[in-house]
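Working notes, structure below.
The values are calculated or read from the model by the stated rules, or taken from the named source; none is laboratory data. Keep in mind that this is a model prediction, so the values were computed, not measured. We place every Cβ from the backbone using ideal geometry, glycine too, and count neighbours over all the protein chains shown. Accessible surface areas use protein heavy atoms only, side chains included; no ligands, DNA or RNA. Shrake-Rupley method; radii C 1.70, N 1.55, O 1.52, S 1.80 Å.
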Amino acid sequence: MNGMAVAARPGERLRLDHNERLFPAPELVRLLPKVPASTLTRYPDASRLERRLAEAMGIEPDRVLVTAGADDAIDRACRRCLAGGRELITVAPTFEMVPMFAALAGGRVRSIPSLNDPAPLEPILDRLGERTGLVTVISPHNPTGKAVPVGRVLTIADRLPAKAMLLADLAYVEFADRDPTPELLQHDNILVVRTLSKAWGLAGLRVGFALGRPAVIAELRACGAPFPLSAPSIWLAERALALGDRVTGTYVAAVRREREELVSALFAAGAAPFESQANFVLASTDRAVALYRRFRQRGIAIRRFPNLPDLARITLPGDEATFRRVLRVLDTTLGHIS
């Protein structure tokens, strides 16, 4: 059984616009009929999943909070840190839910225009003050895919006001050259957000988690719903973690190979791809609109940004046949790719 056999249907549009894993790990698909019926009737208990995540991260269980995707963790952090008009410092563009959650929490958003640097040190430090509640660093960054040096993240954390937190969103870290989670968790004012949606291919289960010092985790637990995950999601997530590299290894390796080849192909075609360490590549080209339309004609969705019309982002499929299809569309649109 391969991924294509599991998920692809004839004529189905390929979604290369949301940075999802296209095809689930066959090992997880085989578990679906085994989900216990009792998970349908009981309120879910995520404590065992939190213990397994803690073991995987090498920390104590009271430093882990399971959330309904990384979105839920970010929302809770904004509620905790930004009430009463405290300030969020972030870059623009960024993951669109960050400023949205900040506004809903009653915070003031201070955005730094910065497409080429996901965490510009001096502009961030210049904006720190007594009203600062939260600084977000996304690494690898969305939408550019760039990774932030861990030393820079720690420098920002060291300069934060006493009551402020740094939120490190590492949703795509499995695709990067380095995982800074252990170093970041040595600092009490850093909250790390992770997810099983990307490399693990479980976006539909909505399993995210926050990692931090116990007092902060306890406060975040009180900032949201008491049962953020369904019991079937918890059961399947536990089994995915037990399988470990069998779920992520082959897929992550394929994405990294595709990423290198796609960057080279875009350069050859005259586009300007960003240096990505995520499962997507963002590129600047004056033919972004034509590229988007050609992909749609060929049954593939890629991401455009209305406020940044020269940019297009392509999720890497992690599947050889699908990736060759992507390259063919690029070749017919931009040329010189073969």
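Evaluating Lys146 against the criteria (1) more than 29 Å from Asp17 (Cβ to Cβ); (2) of a type outside the set (Val, Ile, Thr); (3) touching a residue at least 24 places away in the same chain (Cβ under 8 Å) leaves one unmet condition, (1). Picking from residues in the range 41-57 that are open to solvent by less than 40 Å² (accessible area, probe 1.4 Å) and not in a helix (DSSP H, G or I), the one that is nearest to Gln186 (Cα to Cα) is Ala46. All conditions in (1) acidic (Asp, Glu); (2) surrounded by fewer than 18 Cβ atoms within 10 Å (Cβ to Cβ); (3) within 27 Å of Val252 (Cβ to Cβ) hold for Asp71, with the sole exception of (2).
At least 3 residues being open to solvent by less than 70 Å² (accessible area, probe 1.4 Å), out of contact with any strand residue (DSSP E or B) (no Cβ under 6 Å at 6 or more places or on another chain) and under 19 Å from Leu14 (Cβ atoms) is the threshold, and among the helices (runs of 4 or more DSSP H) wholly inside the range 223-304 those reaching it are 245-268.
Note on the range 203-216: residues that are surrounded by 21 or more Cβ atoms within 10 Å (Cβ to Cβ) and over 22 Å from Gly318 (Cα atoms) total 5. If you go through the range 142-179 and keep only what is among the polar types (S, T, N, Q) and either within 15 Å of Leu191 (Cβ to Cβ) or assigned to a loop (DSSP other than H, G, I, E, B) (or both), you end up with Asn142, Thr144.
For the range 154-164, a residue qualifies if it is open to solvent by less than 10 Å² (accessible area, probe 1.4 Å) and either within 21 Å of the chain's Cα centre (by Cα) or without any contact (Cβ under 8 Å) to a residue 40 or more places away in the chain (or both), and the qualifying residues are Ile156, Ala157.
The residues on offer are Ala164, Ala171, and the sole one that is modelled with pLDDT of 95 or more, in contact with a helix residue (DSSP H, G or I) (Cβ under 9 Å, 6 or more places away or on another chain) and either more than 23 Å from Val263 (Cβ to Cβ) or β-branched (Val, Ile, Thr) (or both) is Ala164. Selection of the range 255-271 for residues being under 20 Å from Tyr172 (Cα atoms) and either of a type in the set (Phe, Trp, Tyr) or under 18 Å from the mean Cα position of the chain (by Cα) (or both) yields Val255, Arg256, Arg259. Just one of (1) in a loop (DSSP other than H, G, I, E, B); (2) open to solvent by 30 Å² or more (accessible area, probe 1.4 Å); (3) touching a helix residue (DSSP H, G or I) at 6+ places or on another chain (Cβ under 8 Å) fails for Glu219. It is (1).
Checking the structure you have, find out if any residue of the range 189-202 is open to solvent by 50 Å² or more (accessible area, probe 1.4 Å) and touching a Lys or Arg at 6+ places or on another chain (Cβ under 9 Å).
no
Of the residues that make up the range 127-135, is at least one touching a Ser or Thr at 6+ places or on another chain (Cβ under 8 Å), without any contact (Cβ under 8 Å) to a residue 60 or more places away in the chain and more than 30 Å from Arg257 (Cβ to Cβ)? Scanning the range 127-135 turns up at least one residue that is touching a Ser or Thr at 6+ places or on another chain (Cβ under 8 Å), without any contact (Cβ under 8 Å) to a residue 60 or more places away in the chain and more than 30 Å from Arg257 (Cβ to Cβ). All of Ala215, Ala164, Ala203 fail the test of being small (Gly, Ala, Ser) and under 25 Å from Phe274 (Cβ atoms), apart from Ala203.
When Glu87, Glu174, Glu130 are screened for being acidic (Asp, Glu), out of contact with any strand residue (DSSP E or B) (no Cβ under 7 Å at 6 or more places or on another chain) and open to solvent by less than 50 Å² (accessible area, probe 1.4 Å), only Glu174 passes.
The criterion of at least 1 residues that are under 18 Å from the mean Cα position of the chain (by Cα) and at pLDDT 95 or above is met by the following helices (runs of 4 or more DSSP H) wholly inside the range 58-141: 69-82, 97-104. Being modelled with pLDDT of 95 or more and under 20 Å from Glu20 (Cβ atoms) is a property that Arg296 lacks.
All of (1) outside any loop (DSSP other than H, G, I, E, B); (2) surrounded by 15 or more Cβ atoms within 10 Å (Cβ to Cβ); (3) touching a residue at least 24 places away in the same chain (Cβ under 8 Å) hold for Glu27 with one exception: (2).
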